[in-house]
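**Student:** One structure is given below, represented as C-alpha cells, and several questions about it will come after.
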Amino acid sequence: MKDLLTSIKAQTSNSFSRQFTVTEPKADKTGKLKLWDLLTEIEESTSEPTKQLCSVAPEYEKHRRNVNLDKFSDAHLGDEVEILARFYPSEKRTVKLRLFVRVLKGPKRTKKVARAEYTYEAVHEKQLSKAS
C-alpha cells in the first residue's frame, strides 16, 4: 500500500452523509440537542466510513489514534441535521476522518453545529508481530 487515502478513494467516493431530526427525546428542557445525543449521532456516522477503511489493504490493522470535537452552536427541537464525513490526508499511512455537523435551513443555507476529527493509523501485520 503506497498511500492509505489513495487506496480509500479508489474504492469509494470518499463522501458519506446522513441526516436526522432533533426530536423530543434528543432535546433538553430548553429545546436544544443534548451533547450526549450529538456525540452518539457522530459516532454512529463513523460506521460506514470505518467499514470502507477496514476493507482497504486488509493486511494492515487500522487503529483509532485520536478524536477531537469542536462545538460551534446548538441544534434545536425540530431542526433537520446533516452529518457529512470525509477522509483527509495526514501522513502516508495515517488519515483523518472529519465529520461536519450542520443544521439544514433551506436551500443552500446551513448553520455549523460541530466538527469532529478522528485520526486513524494503518499498521502492517509484520510490525505488530515484531512488537509482541
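**Student:** From Cα pairs below 8 angstrom and at least 6 apart in sequence, can you work out the relative contact order of the range 4-131, rounded to a whole percent?
**Tutor:** Working: 234 pairs, mean separation 38.8, N = 128.
Once normalised by length, the contact order is 30 percent.
**Student:** How many angstrom lie between the Cα centre of the range 50-77 and the Cα centre of the range 10-32?
**Tutor:** Centre-to-centre (Cα) distance: 15 Å.
**Student:** What is the dipole size for the chain, taken about its Cα centre, with +1 at each Lys and Arg Cβ and -1 at each Asp and Glu Cβ, in debye to the nearest 20? Please report the intermediate quantities before stating the final value.
**Tutor:** Working: 26 positive and 19 negative charges, 98 e Å.
For this selection, approximately 460 debye.
**Student:** Considering the chain as a Gaussian network with a 10 Å cut-off on Cα pairs, which listed residue, SER13, SER55, SER45, attains the greatest mean-square fluctuation?
**Tutor:** Evaluated over the chain, the most mobile residue of the options is SER13.
**Student:** Under a Cβ-Cβ cut-off of 10 Å, what is the net charge of the residues other than ASN68 that fall near it, where Lys and Arg count +1 and Asp and Glu count -1? Intermediate values should be presented prior to the final figure.
**Tutor:** Numbers: positive: LYS96, ARG98, ARG115; negative: ASP70, GLU117.
Combined, the nearby Lys, Arg, Asp and Glu give +1.
**Student:** Related question: Just checking my list [x] 1.21; [y] 1.26; [z] 1.08 against Cα Rg over 2.2 N^0.38 Å computed from this structure; which label fits?
**Tutor:** The calculated read-out lines up with [x].
**Student:** Using θ = phi - 60° and the Karplus form 6.51 cos²θ - 1.76 cosθ + 1.60, what ³J(HN,Hα) does each residue of the range 82-98 get, whole Hz, x for Gly and Pro?
**Tutor:** Result, rounded to whole Hz: 10, 10, 10, 10, 8, 8, 10, x, 10, 9, 4, 10, 10, 10, 10, 9, 9.
Read-outs: derived from the displayed coordinates by stated rules, not from any lab. Bear in mind the structure is a predicted one, so any value in this text is a computation, not a measurement. Positions of Cβ are generated from backbone atoms using ideal geometry, with glycine treated the same way; all protein chains shown enter the neighbour counts.
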